[in-house]
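Below you'll find the structure, written out as C-alpha cells, and then a few comments.
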Amino acid sequence: MTDVVVVGNGTAAHRFVQQLAARGHPGTITVIGAEPTPAYDNALLGAVLTGSLSADAIRLPAYDSGVRVLLGSPAVGLDRHRRLVRAGDHIVRYDRLVLATGTTPRIPAGSPSGAAVLHQITDCARLTGDHPVTVVGDGALAVEAAAALAIAGRAVTLAHRRASLLAHRLGTIGSTLLTRDLRRSGVTVRRGGPGPQHGVVLLCAGMSPATGLAGRAGLAVRTGIVADDRFRTTDPAIHAIGGCAEVDGRVEPGAVAAWRQADTLAGLLTGSAGHYRGTRAVVRLRGAGLDACWFGDHPEPAGAHEVSLTDPARERYARLLLDGDRMVAGAMIGLPTGAATVTQLVDRGAPLPADWVGAVLGTDAWPAPAIAPAANPVVCHCNHVSRRAVADAWSAGARSPAAVALATRATTGCGGCVPEVAALVAALTDGTADA
Amino acid sequence: MRDEQVVVVGYGMVGHRFTESLLRADPAARQRIVVLGEEPWPAYDRTRLSDCLSGQTTAGLRLAPQAVDVRLGCRVTRIDRPARTVVTAAGGRIRYDRLLLATGARPLIPPVPGRDADGCFPYRTLDDIRRIRAAARPGARGVVLGGGLLGLEAANALQALGMTPLIVERAAYPMSAQLDPAAGDLLARHLRRTGLDCRFGVTATGITAGRDGRVRAVTLSDGEVIEADLLLFAVGVTPRDKLAADCGLAVAAGGGVLVDAHARTGDPRIWAVGDCAAVAGRRLGLVGPGFAMADAVAAHLRGDPDDTDPRPLPPVRVKTLGIEVASFGDPHGANAVQIVRTDRRSVYRKLTIDGETGVLLGGILLGDIGLLAELHGHLGAGVSEPLLRLDCAAGRDEHLGRRVRQAGSSGRRNTAGERLQPQA
C-alpha cells in the first residue's frame, strides 16, 4: 500500500488529490494545509476583494471522505530518511510525498513596510474598505488587481517599474492599448515606485515558488524545487507539482498548468506510463474594459516565425509566434472572440488554422469587400503593359510569350512577369480565357 | 492633332519612352517630333548605371535609337509660350504645337561643409560614373550619403569596384520611403550580413580633406568620424523645373512642375512627365510612374480617350541587394490595419488595409516577393482569404489560376459607358 502525503492545499494539491482518488489509488491520502480554511481557488481572490464573490463561493469541492485533511498545520520539516513530515502538532508518515506548497508573494527591496499583498483569503480583510489603493507591480496580477479595484469603485493608482506595462508580453503596441484601457477604467497609471501614498499599498510584484521546506530538507532547489518530467525531486520518494516546482527546467505558473501537472502525476502514481510534456497556458486578463491575453515562453523562442494584425483605430492587436502551424507564443488585445479561439487551440495543442486572420478577428472581421479587383490590371510593370494589351497582341497574331514580348515589350524588363504572361498566353491559346 | 509639331525637352528615359509610345502607334509621326537633349549622348538606362562599374560599356546602356530629329547637347533656356517656341542656348528657336517637358532632376548635394573636396561625387549621370570609376581604388573605403534606393544602388556600385562601402542614412533604417521599421530592420541586417557597413539615424556634418584636397574623412551628427577615400551623394534629387517656372507655369511647393493626373500643366499645350513633374504636388522619383505618364500623354496625342480610371502606381522592386524587396501603394498607413507575416530573419510580408472597407492600401514584400503580382492587382480593391494569409504557397497558385480565367474580361463597357466589373 502506498501512503501518499500532500503538503499544500491549494489548486495543484486539490486537483491532485481528487484525481488520485478518482483513479482508485489503493493507499491512504493525507493533505497537510497551512491555512485553517478549507481549500479555495486563490485565482478568485480579486473577486472576493471587490465583493463580487463571497469567501464561501470560491471554495473548492470537498475531498472524498477517505482523504485525511489536516488544516492550520504548516509543514515545518521533513525527515527524508524515516519518511516523516512534521506539521503543526502532527507527524505524518509517507511512502510518497507530494510537495504542492505553491508560491509566496515577492517583496521587492525598498517596499514600504506594512504593504499589503493579495495571496491568501485573510489578506482580503486588510484591503476592503473605502481607502484609495496604490497597486505596485508590472505583471498580470497587478493589472488585474488594479482593474478589479477600479471597477469596485475604489480610487486606484497602478505604479509600475518597467518602462511600459507588460511590454515584454504584449509588445509596445499591446502595452499602449492596455494602458489606455486601464486609464479609461479609472486607474491612474504611472511609472515609478509607490510614492507618497494615501490609503493602502498593495504589492503585486510577482510570486516566487515556495521552496523553503524542500531546501531545508536538502532537496535540489533552483528557482523552484527541481523536478524531472515525472515530477520526481532529487529524492525519488518525493514529488513536486504546481507553482513551487521547477519541472524539467521550467516553473509554470497559473491554474491550467497546475491542473495538468496534477493530472499527470496522479496518472503516473496510479500506473500510467509516460511523462509530462509541459503546458502552454494562456494568461487572460479580463474585466474593466480589458481583454488581453498572452502565452508562451519568455524570452521568445528564436527561429519561430510570426504573424500579426495591428488595428490602432479599433484598438486591436494580435501577434502569434509559430513553429510550423503550432503556436509557441503570442499576445492579443481587444479581440475577445479571437482570444477565446486561440486559448482553446493553445490549450488543446491544436494548430493555428490557415485562415489565421479570420481566427484572430473572429466575428469582428470587417465586412466582405464590395470592390472587386480591377479588370485590366498591369501585367508587366517595367514596361507598363496591361493584360488587355497582351490579349490584343495575341489576337493580332503574337501566339507565344516571345512574340508577345516583341509586340508589347512585356517580360523584357526585370522578367518578374514571365510566369504570368506565359500562363495568360497559354490560357488564350487553349481557350480558357477570352481574347 | 495629326499634323502638329511635338517638341520634347529632355532625352532621358522618360523622354525616350514618350517618343517610342508616339511612334509605336503612328510611325508617320516621326516627321513631326523634335527631341532636344541636353546631355551630349542619347538616352540611356539610368537605372543600370552601376553596370558600367562592373564591366558594362556606356554604349551598352543606350536605349534603342529612334528615327526622329534628335538634337543632342542642345540646352533649352527659355519657353516662349505666346510664340509657342522654345529657345536654345545656341540661339536656336524651335516652334511647337505640343510641348512635353521631360527635363528630369539633378542630384541634391547636401550643404555639408567640405563637400567640394576631391573625390566627392553625385551619383546620377554617365559623367558621374566615369569620374567615380577613375577615382576608385580597390580596397579603399567609399562612403555613401543616403540609404534610400539610390544610395543602396551606389553602395552596390562601389562594391563592384572592389571598394568597401559604408552607408550613412538619416532615417532609422534603409529605404525608409518604401519600408516600415520592421522590414527596414530586416533589410539592414541583411545588408550588414553581405558586408555593407551602415550608420542609421545620423547625417554627415562635415567632410574633411587632406592637404592634397582629397576627401579623407566624414564626421557624423553623433560625433563619429569615418575614414573616407571617396564619397558619393545619394540623398535625393531636385526636379529641374526652372524652365516651367520662368515661363509662368505653376511649380509645386516641394519643387517639380505642377501637373494633374494626366500630366497636364496649366497650359493646354504643355505637359510635364518624369522626375521634373509633381503630380498633384507629389514627386514620384521612379521610372515606372514616369513611363506611365509618358504613355498616357502619347495616347492622348494619338487621339485616344483619356483613361478615366486612375491606375495605381507600379510597385517599387529591387533585386540588386541579394534580397528581393518590393513596396507598393501606401505601406505606411498610420491608422490602417496592418497584417504581417515574417520569419524575422529574411522574409517579411505586410499588407496595409482600410479597416472600414477591407480595401488594400499598400504592402511591403521582402525576401520572397512571389505574391507581388497578385497583391498589386488588388490595390484599391477588397482583399480577403486566401491572400490575407500572406502565405506564398496558398496565395499564388489560387490567384494565378483565378487571374488567368479572368484574362479575357478586359473592361468591357455597358451601353451607359460604365465599366463592367467581373465577379471576383
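The values are calculated or read from the model by the stated rules, or taken from the named source; none is laboratory data. Quantities reported herein were computed from a predicted structural model and do not represent experimental measurements. All Cβ positions, glycine included, derive from the backbone under ideal geometry; neighbour counts span all protein chains shown. Ligands, DNA and RNA are stripped out before the accessible areas are found, and what is left, the full protein with its side chains, is counted by its heavy atoms. Shrake-Rupley method; radii C 1.70, N 1.55, O 1.52, S 1.80 Å.
Label positions at B:ARG214 and A:ARG191, each projected 7 Å from the Cα along the C-beta direction, are separated by 4.9 nm. Extension gain for A:THR412-A:ALA163 works out to 84.3 nm (0.36 nm per residue, less the C-alpha to C-alpha distance). Taking 7 Å along the Cα-to-C-beta vector as the label spot, tell me the A:ALA237-A:ARG184 distance in nanometres, rounded to one decimal. Between A:ALA237 and A:ARG184, the simple spin-label model gives 5.8 nm. Peptide A:304-314 has a mean shielding of 6, counted as Cβ atoms of other protein chains within 10 Å of each residue's Cβ. Here the calculated FRET efficiency for B:ARG345 and B:THR57, from their Cβ-Cβ distance with R0 = 41 Å, stands at 0.60, rounded to the nearest 0.05.
Accessible area ranking (1.4 Å probe, heavy atoms, ligands and nucleic acids excluded), largest first, for A:SER208, A:SER175, B:SER384: B:SER384, A:SER208, A:SER175.
Of the peptides B:278-284, B:134-140, B:14-20, the order by per-residue mean of other Cβ atoms within 10 Å, starting with the highest, comes out as B:14-20, B:278-284, B:134-140. Placing a label point 7 Å from the Cα of A:GLU300 along the Cα-to-Cβ line, the residues of the range B:324-344 whose backbone N sits under 13 Å from it are B:340-344.
Largest first and in whole Å, the equivalent-ellipsoid semi-axes of the range A:80-227 read 36, 18, 13, each the square root of five times a Cα gyration tensor eigenvalue.
Shape analysis of the range B:71-156 yields a ratio of the Cα radius of gyration to the Kirkwood radius, Rg/Rh, of 1.13. Partner shielding of B:333-346 amounts to 5, given as the average count of beta-carbon atoms from other chains within 10 Å of each residue beta-carbon. Averaging over all projection directions, the Cα-based convex hull of the range B:185-243 occupies 6.6 nm² in the image plane. The distance between label points at A:ALA340 and A:THR172 comes to 3.3 nm (points 7 Å beyond Cα on the Cα→Cβ vector). For chain A, the extents of the C-alpha atoms along the principal axes are 102, 56, 35 Å, listed from largest to smallest. Expressed as a fraction of 2.2 N^0.38 Å, the C-alpha radius of gyration for the range A:44-98 is 1.59.
The alpha-carbon atoms of the range A:224-271, seen along their principal axes, cover 25, 20, 12 angstrom, with the largest extent given first. Just to check, using Stokes-Einstein with a Kirkwood Rh over alpha carbon pairs, what's the diffusion coefficient of the range B:95-213 at 25 °C and 0.890 mPa s in µm²/s? It diffuses with D of about 155 µm²/s by this estimate. For the range A:181-243, taking the reciprocal of the average inverse distance between every pair of different Cα atoms yields a Kirkwood hydrodynamic radius of 15.2 Å. The mean count of C-beta atoms from other chains within 10 Å of the C-beta of residues in A:385-397, rounded to a whole number, is 2.
With Cα atoms defining each centre, the range B:367-386 and the range A:198-215 are spaced 52 Å apart in the structure.
When each of the peptides A:301-309, A:131-139, B:141-149 is scored by how many other beta carbons lie within 10 Å of its residues on average, the order from highest to lowest is B:141-149, A:131-139, A:301-309.
Taken across both chains, chains B and A shield about 4400 Å² of accessible surface from a 1.4 Å probe.
Determine the sum of side-chain charges near A:VAL247: Lys and Arg each +1, Asp and Glu each -1, restricted to other residues whose C-beta is under 11 angstrom from that of A:VAL247. In short, 0. Of the residues A:ALA359, B:ALA102, A:ALA403, the one whose Cα sits farthest towards the positive end of the charge dipole of the protein assembly as shown is B:ALA102 (charges of +1 on Lys and Arg Cβ, -1 on Asp and Glu Cβ, taken about the Cα centre).
Dividing the convex hull volume of the alpha-carbon atoms in the range B:244-316 by its residue count gives 82 Å³ per residue. Its convex hull of Cα atoms gives the range A:152-222 a direction-averaged projected area, equal to a quarter of the hull surface, of 7.2 nm².
Derived value for the range B:169-216: Kirkwood hydrodynamic radius 12.3 Å. Basis is the mean of 1/r over every pair of different alpha-carbon atoms.
Projected over every direction and averaged, the convex hull enclosing the alpha-carbon atoms of the range A:1-83 yields 6.2 nm².
Annotation: amide H-H contacts under 5 Å for B:ASP330 (H modelled 1.01 Å from N, sequence separation of 5 or more, or interchain): B:GLY362, B:GLY363.
Remark: chain A carries 43 Å² of accessible area per residue (probe radius 1.4 Å; ligands, DNA and RNA excluded). Could you tell me what percent of the accessible area of the protein assembly as shown is made up of carbon and sulfur, with a 1.4 Å probe and every protein chain present? That share works out to 51 percent. What the Kirkwood sum gives for the range B:218-272 is a hydrodynamic radius of 14.2 Å, with every pair of different alpha carbons counted.
Multiplying the residue separation of A:ASP355 and A:ALA396 by 0.36 nm and removing their Cα-Cα distance gives an extension gain of 10.5 nm. Calculate the FRET efficiency for B:GLN5 and B:THR238 from the Cβ-Cβ distance with a Förster distance of 30 Å, rounded to the nearest 0.05. The value I calculate is 0.50.
If you look at the Cα atoms of the range A:113-181, you get an Rg and a Dmax of 12.8, 37 Å. When every Cα-Cα distance of the protein assembly as shown is counted in 20 angstrom steps from zero, the calculated P(r) takes the values 13, 33, 28, 18, 8, 1 percent. Percent of alpha carbon pairs in the range B:227-382 separated by more than 18 Å? Value for the range B:227-382: 67 percent of Cα pairs lie more than 18 Å apart. Taking H as built 1.01 Å from N, whose amide H comes closer than 5 Å to the amide H of A:LEU322, not counting residues under 5 places away? Under 5 Å from the amide H of A:LEU322 lie the amide H atoms of A:HIS305, A:GLU306, A:VAL307, A:VAL328, each far enough along the sequence or on another chain. Relative to the globular-protein estimate of 2.2 N^0.38 Å, the Cα radius of gyration of chain B stands at 1.06. Computed on the Cα trace of the range B:1-127, the radius of gyration divided by the Kirkwood hydrodynamic radius gives Rg/Rh = 1.04. Between B:THR85 and A:ARG106, what FRET efficiency follows from the Cβ-Cβ distance if R0 is 60 Å, with the result rounded to 0.05? Rounded to the nearest 0.05, the efficiency is 0.10.
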